[in-house]
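Notes follow the structure.
The values are calculated or read from the model by the stated rules, or taken from the named source; none is laboratory data. Here the structure is a predicted model, which is why all the values come from computation and not from measurement. All Cβ positions, glycine included, derive from the backbone under ideal geometry; neighbour counts span all protein chains shown. Calculation scope for accessible area: heavy atoms of the full protein, side chains included, ligands and nucleic acids excluded. Shrake-Rupley method; radii C 1.70, N 1.55, O 1.52, S 1.80 Å.
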Amino acid sequence: MGEVTLLIYAATAMALGLKARARTLEKFILGDTLGTRAMVATIVSTFYGASAILGGVSLTYQVGLGAIWFMVPFYLGNVAMVLLLGRIARSRSYTLPHFLGGFYGREFAVASSVLLATLCLVPEEIIAGGKILALFTSMPVEAAMGVMACVLIVPVVLGGMKADVMTDITQFVLMLLMLGVVIPPVLGLWLDLGAAGPEESVVIPAEYFNPCAYMSGQEIGVLFVLLFFLPLTSAPLYQRFFASESEACSRKSVLYSIVTWMAIDAVVILCGLAALRRFPHLDDPDLALIMLGEALSPLGRAVFFVGLLAAIMSTVNSFLQSGAASLAYDVFRHFRPATGPERLLALSRVFVVVLGGVSLLLALWFQMIVPALLFTLSMWTAGTLVPILAALTGRRLRKSTALYSLLSGAGSSLIWKMWQPFELDALFVGLGFSLLVALLLEIVQNQ
């Protein structure tokens with residue numbers, strides 16, 4: 001059943017990719033102009049893939065209401081984005097590095113594009129897909145990750161941004177259906193302890209309802225900083241603003257998306273606590289939501305399985321497409337200005353395969369969703385946050401200052417992550433170095 005469902009879903013996704021096949025570089029990067037409905041579907045789907053849904057249920061299973069630190073800062077960051085998106089909406093840029101290059105020059109665009117490639121790696125989605133396939137089929141986890149990588153990469157290679165948006169709209173509906181089928185058994189578990197009976201369920205300790213009980217101040221700080229600034233530094237979100245029909249459309253779309261995410265997260269928290277009550281001794285918390293889905297009827301399991309695949313693909317499409325397009329448009333074009341659009345389009349497709357392959361290797365290494373997500377997000381945030389905030393708030397840095405701020409932030413974060421001399425998170429080290437270098441260079445150059 002699982003293998004057949006996977007084949008049907010993969011064939012459908014590839015058919016959509018062929019139908020929306022990008023034939024020009026502009027179509028691959030931006031696709032068509034987006035109205036409010038399409039914007040909401042693609043924004044919600046881009047950010048709420050496996051890392052948000054499976055990862056959110058997994059985190060709730062481990063720390064209870066401490067999972068709100070994985071959610072609330074993200075809402076607040078999107079509100080901040082609504083207030084600051086005027087400069088973005090009025091820009092005629094193609095990619096986030098292209099946009100930043102308008103402030104800080106081509107060298108910064110190239111450096112930020114290379115760093116963007118790390119953010120656009122998607123090991124957490126491949127991990128989630130592999131674990132889902134391994135439970136719903138007879139494949140081992142590692143082989144399932146390889147299969148998922150192929151299923152996720154091909155539609156992006158074919159279609160680019162237009163295929164991304166088309167599949168996002170379909171996947172948005174499938175994702176909501178998946179959450180819908182799991183709500184009745186979850187509520188049933190809370191109302192009458194479910195069909196298993198009270199002897200097989202446990203009472204959740206009171207600490208799980210305290211958001212700070214199982215998380216240290218540093219862990220809360222890391223999640224708050226990363227998730228609050230994620231919208232402000234997200235390349236896929238910027239691309240959607242560049243393709244939006246108007247600034248007003250962009251603002252409405254983000255606000256509607258916040259409301260949708262809040263509804264999804266309410267279900268995510270209920271599922272995490274229900275899984276803890278029903279399956280209190282899971283060795284792998286990433287399986288919490290999947291175990292709830294396995295208890296559904298055959299039809300419910302099929303809908304659940306397809307919905308999870310849709311949640312994964314929606315995020316992978318957006319990030320692989322953004323990273324690959326930027327490498328071709330912002331990096332390769334810089335070193336080979338005479339390269340024609342057809343060659344850059346072909347290179348964009350090659351870079352999708354490269355990023356997907358690296359993501360698979362990282363997935364096989366990490367094996368857990370949330371750590372993989374935080375690894376790729378921390379370096380990007382540490383390097384780009386200071387220059388991006390300066391650009392959006394009108395406090396433009398000198399070109400050299402912005403470039404060295406980016407390099408010092410990303411580099412120190414990576415070095416600290418590998419060295420780790422004591423328990424201070426690499427994100428704070430990177431942000432500190434990035435800000436310090438920016439301040440010192442600005443002071444020296446003003447004298």
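Any idea how far apart L299 and V79 come out in nm if each label point goes 7 Å out from Cα toward Cβ?
4.2 nm
Just subtract the alpha-carbon distance of A248 and H334 from 0.36 nm times their residue separation and send over the number in nm, one decimal.
Once the chain is fully extended between A248 and H334, it gains 27.6 nm.
Could you let me know the centre-to-centre spacing of the stretch 241-292 and the stretch 395-444, using Cα atoms, in angstrom?
32 Å
With 10 Å bins from zero, work out the P(r) of the stretch 352-447 over every alpha carbon pair and list the percent per bin.
Reading the bins upward from 0: 16, 38, 29, 14, 3, 0.
Between L424 and E342, what FRET efficiency follows from the Cβ-Cβ distance if R0 is 41 Å, with the result rounded to 0.05?
0.25
What's the extension gain from V173 to A263 if we count 0.36 nm per residue and subtract their Cα-Cα distance?
Result: 31.0 nm gained on full extension.
Per DSSP H run of at least 4 residues, take -39500 (n - 2.57); add these up for the chain, divide by its residues and hand me the 222 nm value, nearest 500 deg cm²/dmol.
-25500 deg cm²/dmol
Taking each pair of different alpha-carbon atoms in the stretch 47-112 once, compute 1/r for the pair, average those values, and report the inverse of that mean as the Kirkwood hydrodynamic radius in Å to one decimal.
14.5 Å
Kindly give Rg over Rh for the stretch 254-382, based on alpha-carbon atoms, with the Kirkwood expression for the hydrodynamic radius.
Taking Rg over the Kirkwood Rh, I get 1.08.
Report the calculated FRET efficiency for A143 and D283 (r = Cβ-Cβ distance, R0 = 25 Å), to the nearest 0.05.
That gives a FRET efficiency of 0.80.
How much length is gained if the chain between L187 and N210 is pulled fully straight, taking 0.36 nm per residue apart and subtracting their Cα-Cα distance, in nm to one decimal?
6.2 nm is the gain from fully extending L187 to N210.
Taking a ≥ b ≥ c as the square roots of the eigenvalues of the Cα gyration tensor of the stretch 169-300, is the shape rounded (a/c under 1.5), prolate (a/b larger than b/c) or oblate?
Since a/c reaches 1.5 but b/c is at least a/b, the shape of the stretch 169-300 is classed as oblate.
Past the 12 angstrom mark, what percentage of all C-alpha to C-alpha distances in the stretch 198-237 do you count?
More than 12 Å apart: 70 percent of the Cα pairs in the stretch 198-237.
On a 0 to 90° scale, report how tilted helix 2-19 is relative to the longest principal axis of the chain, with both axes built from alpha carbons and the result rounded to the nearest 10.
Roughly 30 degrees between the two axes.
Within the stretch 293-414, what whole-number % of the accessible surface is contributed by carbon and sulfur, with the 1.4 Å probe and all protein chains included in the calculation?
Here it works out to 69 percent.
For the residue pair I443 and M291, what label-to-label distance in nm results when each label sits 7 Å from Cα along the Cα-to-beta-carbon direction?
5.4 nm
Taking only the alpha-carbon positions of the chain and ignoring solvent, what does the Debye formula give for the base-10 log of I(q)/I(0) at q = 0.13 Å⁻¹?
-1.16
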